[in-house]
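Following: one structure in structure tokens, then a few remarks.
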Amino acid sequence: MKFKRARLLWDDIKCLLRGWYFKFTGQDSRYIGELKGWHTISDFSTKIKVRKELKEANSHRISNMKIGCQMINSILIRPGEIFSLRKIIGEADEKRGFKTGPMIVKGELGYATGGGLCQVSTTLFNAVLEANLDILEKHNHSTDIWGENRFIELGRDAVYVYGRKDLKFRNNLNDDIVILFKVDEDALQLVCQILCRQEIEGKVELKSKILQEINPNKNNYGSGWVTLTERFLIKRTGTREKTYKKKEKYKPFWKATG
């Protein structure tokens, strides 16, 4: 508890120094009304993979995703305001309905309350990328534990761990935006839309690539990676502006044998 409070205090200090502290969108900032005439400036979904090895934890993580989506759904972010998962979702504990689900802990598959929220964070992050919003904080997973069976390409995942790793972005547009978020249980998908009264002034182009494979060439180790993700805004005038760039590392991990 002491370390958690220290980490939260440190995050608050950093936000204060950067001028963010008084600009966060609150949990009670919800849009109630018709969205007729609003433009969908991004629409992103991720597939919920049912993994046999997770057994009943599959239903637990879907339940956690639904709670996370409900907390974010209909959030209104005004121009200049900052969205933070820490401020909106907060701590995923049992008192708030979260269950024990799968989570990567110290480079290995483990279980913790709130497991599954990283897919919520990832889906939201990619919708934010496509909307050309200003990304202030984003973290990748420490390892590529699922390999080719991962639910999103490397460089496009976003971790959420309360008090440790957050997703923060700013509404850098000239009008309000609203986030619509849900779990489509029939299609087994998380679906996130970002709406605005104005359209984006240009076309967003995203590029993710692997720069390096890191493999210690030892038995029972999975590969690590270095990736680069970039975003460009191609304006109507034809100019091409880079609006996001992030280089990330996934460490090699120990593959447990049966």
Per residue of the chain, what 222 nm ellipticity follows from adding -39500 (n - 2.57) for every DSSP H run with n ≥ 4, rounded to the nearest 500?
-6000 deg cm²/dmol
Between the stretch 7-66 and the stretch 192-232, the Cα center-to-center distance that results, in Å
19 Å
Most packed first (mean Cβ within 10 Å per residue), the peptides 197-208, 92-103 order as 92-103, 197-208
Under a no-solvent Debye model with one identical scatterer per Cα of the stretch 24-200, what's log10 I(q)/I(0) at q = 0.08 Å⁻¹?
-0.23
Calculated FRET efficiency for the pair residue 187/residue 12, C-beta based, R₀ 41 Å, to 0.05:
0.60
Taking a ≥ b ≥ c as the square roots of the Cα gyration tensor eigenvalues, with a/c under 1.5 meaning rounded and otherwise prolate when a/b beats b/c, else oblate, which class fits the stretch 80-133?
oblate
Which residues among the stretch 188-209 fall inside the zone where the amide N is under 17 Å from a point 7 Å beyond the Cα of residue 226, along Cα→Cβ?
208-209
Using a ≥ b ≥ c from the Cα gyration tensor of the stretch 136-195 (square roots of the eigenvalues), is it rounded, prolate or oblate, where a/c under 1.5 gives rounded and otherwise the larger of a/b and b/c decides, a/b for prolate?
oblate
Karplus (6.51, -1.76, 1.60) ³J(HN,Hα), θ = phi - 60°, over the stretch 29-39, in Hz, Gly and Pro reported as x
7, 10, 8, 10, x, 6, 10, 5, x, 6, 9
Between residue 247 and residue 111, what is 0.36 nm times their sequence separation minus the Cα-Cα distance? Round to one decimal in nm.
46.2 nm
Contact order relative to length for the stretch 75-121, counting C-alpha pairs under 8 Å separated by 6 or more residues, stands in percent at 27 percent
Fewest-first ordering of 69, 192 by Cβ atoms within 10 Å yields 69, 192
What is the calculated FRET efficiency for residue 28 to residue 255, with r their C-beta to C-beta distance and R₀ = 51 Å, to the nearest 0.05?
0.65
Given a 10 angstrom Cα cut-off, can you work out which residue in 169, 125, 151 is the most mobile in a GNM of the chain?
151
Value of relative contact order over the chain, rounded to a whole percent, pairs C-alpha under 8 Å and six or more apart
22 percent
Angle between the chain longest axis and helix 57-72 axis [Cα atoms, degrees, rounded to 10]
20 degrees
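Any read-out appearing in this document is the output of simple, stated calculations on the displayed coordinates, not a laboratory observation. Because the structure is a prediction, the values reported are computed rather than measured. Cβ atoms come from the backbone with ideal geometry, glycine included; neighbour counts cover every protein chain shown.
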